[in-house]
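Everything on this sheet refers to the single structure shown next.
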Amino acid sequence: MTSSCDLVSQLRPGVADSAEAWRFIRGFAAHWVTPLAEGDGCDDAELAGAETRLGLTLPAALRQGYQLIGGRQDLTSNHDHLLRPDQLYVDDRGEVLVFRHENQGASSWGVRLADLDKADPPVVMKLDLADKAAERWGEWMERCSLAWVEIVLSESLHAPEELSDFLPDLDEPLDNRFVLLPCPSYPGESGEWGRWFAGSDVILREEGGECLSVRARSEEALNRVRDALPGDWVNDCR
């Protein structure tokens with residue numbers, strides 16, 4: 001899973017099917033971080049304890065994600081924070097089971113209580129606003145298993161520092177230089193906020209066509225991206 005072709009071939013089934021999502025996450029961890037091992041996930045007792053405390057049943061895909069990587073902060077919590085099972089909670093309005101927070105509390109992610117009976121329910125997101133009455137839960141990912149794939153990809157962009165970088169001013173399109181990955185774009189007015197791309201030993205996320213986050217498997221691969229897209233890279237100390 002080092003070339004753009006590898007990522008495309010592995011990711012396409014991973015975004016379409018929950019079983020393939022877990023397969024993709026295992027392969028991504030093995031090739032881009034470190035392989036999954038026994039004890040990397042949350043055990044049944046932790047998850048059952050959360051269900052008892054909350055008085056609800058976790059959807060299968062949410063439970064399976066926790067069982068697979070719930071203990072791997074390097075895959076789930078480099079920037080934003082996956083809540084531990086004992087931190088899961090229902091929001092103040094009694095609408096959503098919350099399982100993830102943005103690192104400064106600017107947004108939260110969860111599953112609507114009305115969807116908990118679905119095996120692989122949609123995931124919703126809410127922005128933290130000064131006017132709390134204006135806050136609304138909006139659609140984010142159509143399936144929970146797909147959200148786990150997105151979490152792993154997104155968190156890979158933030159560590160380790162020597163293999164990741166950020167370009168705040170993206171001046172040229174990526175379409176002719178890199179391969180567009182088969183990930184759904186994030187909700188937004190244009191429908192194209194947060195597109196994912198890949199190249200040889202690199203993954204890239206274009207945010208609104210204005211800035212770029214990159215994760216590489218080697219410093220050489222990261223430098224190739226910097227050279228191809230000159231600019232004020234945040235971590236470039238060459």
Item to check | Residues located in the stretch 33-67, provided they are touching a residue at least 40 places away in the same chain (Cβ under 8 Å) and open to solvent by less than 20 Å² (accessible area, probe 1.4 Å) | outcome: C42, L58, P59, A61, L62, G65
Next on the checklist: Can you tell me which of (1) among the hydroxyl-bearing types (S, T, Y); (2) over 16 Å from E51 (Cβ atoms); (3) open to solvent by 20 Å² or more (accessible area, probe 1.4 Å) is the one Y89 doesn't meet?
Outcome noted: (2)
Checklist entry - Can you name the condition, by its number, that A114 falls short on among (1) open to solvent by less than 30 Å² (accessible area, probe 1.4 Å); (2) at pLDDT 95 or above? => result (1)
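The values are calculated or read from the model by the stated rules, or taken from the named source; none is laboratory data. These numbers come from a predicted model, not from an experiment. Here the Cβ is made from the backbone with ideal geometry for all residues, glycine too, and neighbour counts use every protein chain on show. Keep in mind that these areas ignore ligands, DNA and RNA; they rest on the heavy atoms of the full protein, side chains included. Shrake-Rupley method; radii C 1.70, N 1.55, O 1.52, S 1.80 Å.
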